[in-house]
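Peer 1: Please find one structure pasted underneath; my questions will follow.
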Amino acid sequence: MAKALEIEKLKVRVTGKEILKGVDLSVDYGEVHAVMGPNGSGKTTLAYTIMGRDGYEVESGDIRLEGESILGLPADERAPKGLFLAFQEPPAIQGVRFSTFLIAIINKRMGARDLTTLKDPRKLREIYKLLEEVGLDKSVLTRELYVGFSGGEKKRAEMLQALLVNPKVVILDEPDSGLDVDGVRKIAELIESLRKNGKAVLLITHYPRLFNYVEPDTVTVLMNGKIVARGDSDLARAIEEKGYQAVANVA
């Protein structure tokens, strides 16, 4: 039976330079697969390529969602099939309220033509419930999207969207970056919630501190666009103790 997300022998170029050099990995429902590596190892390139971002040229290999190749699909067709990406640093968008953005997401997924008016008041109650769950005040809804948001508010807002759209596969790019201890704990709690709800979670990070609160099923280490090690949470602990280079040398 096909897994939720499968990456096979993926080679990717960005502006002519080969960044990913034959990456293989998979994640299934109810699992957390952590992709670790130092800065510049290709982690974010992997996330963007899965989502179909322009400029990320797949030289060879495949990306399959529930056994179906999605390489030929643009990003706006991949997302409705069940993919969601939480950005490491989401862009600020002036003139668009956070509430307007969330309403547009809901209406788009419901197939509505009008993306600005919320037809079902029950969805508003759902938004309020999720705000409380991720630890955001209701006042955030009236603010412009990510304009003036703190690092913690951005991460929580991205997690809110992941819970709201109910995807099959959630890709989290550095969800703990810029957070204090309480923020890391909250993000870990939300990741566990996604796992318990049967989502396939691809967790991208270069710090193992998040694994003090959430234990990954699989850990894959990328360096220079190649997989140099794979294991369980013990591998993450070895990285914290010895560093990436030591793990790569052992591998």
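Peer 1: Sum up the charges of everything whose Cβ sits under 13 Å from the Cβ of Ala246, counting Lys and Arg as +1 and Asp and Glu as -1, but leave Ala246 out.
Peer 2: Details: positive: Arg237, Lys242; negative: Glu240, Glu241.
Its environment carries a net charge of 0.
Peer 1: Please give the helix 98-109 orientation as an angle from the longest Cα principal axis of the chain, in degrees from 0 to 90, rounded to the nearest 10.
Peer 2: Approximately 80 degrees, to the nearest ten.
Peer 1: Based on DSSP, what percent of beta bridges with both residues in the chain are antiparallel, to the nearest 5?
Peer 2: Close to 60 percent.
Peer 1: With +1 on each Lys and Arg Cβ and -1 on each Asp and Glu Cβ, how big is the dipole of the chain about its Cα centre, in debye rounded to the nearest 20?
Peer 2: For the chain, the charge dipole is close to 560 debye.
Peer 1: Mind checking the angle between helix 151-165 and the chain's longest principal axis? C-alpha axes, 0 to 90 degrees, to the nearest 10.
Peer 2: Here the helix axis deviates by roughly 80 degrees.
Peer 1: Can you give the calculated 222 nm mean residue ellipticity of the chain, where each DSSP H run of n ≥ 4 adds -39,500 (n - 2.57) and the sum is split over every residue, rounded to the nearest 500 deg cm²/dmol?
Peer 2: So the calculated ellipticity at 222 nm is -10500 deg cm²/dmol.
Peer 1: Under the Karplus relation 6.51 cos²θ - 1.76 cosθ + 1.60, θ = phi - 60°, what is the ordered set of whole-Hz ³J(HN,Hα) values for region 176-184, x standing for Gly and Pro?
Peer 2: Those phi angles translate into 9, 5, x, 9, 7, 4, 5, x, 4 Hz.
Peer 1: Now for a separate question. Taking the dipole about the Cα centre of the chain, with the C-beta of Lys and Arg at +1 and of Asp and Glu at -1, give me whichever of Gly151, Val12, Gly61 is farthest to the positive side.
Peer 2: Gly151
Peer 1: May I have the extent of the alpha carbons of region 1-110 along their three principal axes, as whole Å values ordered from largest to smallest?
Peer 2: Per principal axis, max minus min of the Cα coordinates gives 41, 35, 26 Å.
Peer 1: Spelling out what I want: for every residue of region 123-138, take phi, set θ = phi - 60°, compute 6.51 cos²θ - 1.76 cosθ + 1.60 (Karplus), and round to whole Hz; glycine and proline get x.
Peer 2: 5, 5, 4, 5, 4, 4, 5, 5, 4, 5, 5, 8, x, 10, 6, 4
Peer 1: How many percent of all Cα-Cα pairs in the chain sit more than 23 Å apart?
Peer 2: Details: 15938 of 31375 pairs.
In whole percent, the long-distance tail amounts to 51.
Peer 1: Quickly rank 38-51, 100-113 as a protection proxy: mean count of other C-beta atoms within 10 Å, highest first.
Peer 2: By packing density, highest mean first, the sequence is 38-51, 100-113.
Read the figures in this text as sums done on the coordinates, not as results from a lab. Values in this document were obtained by computation on a predicted structure and should not be read as measured data. So basically every Cβ, Gly included, is an ideal-geometry build from the backbone, and we count neighbours across all protein chains shown.
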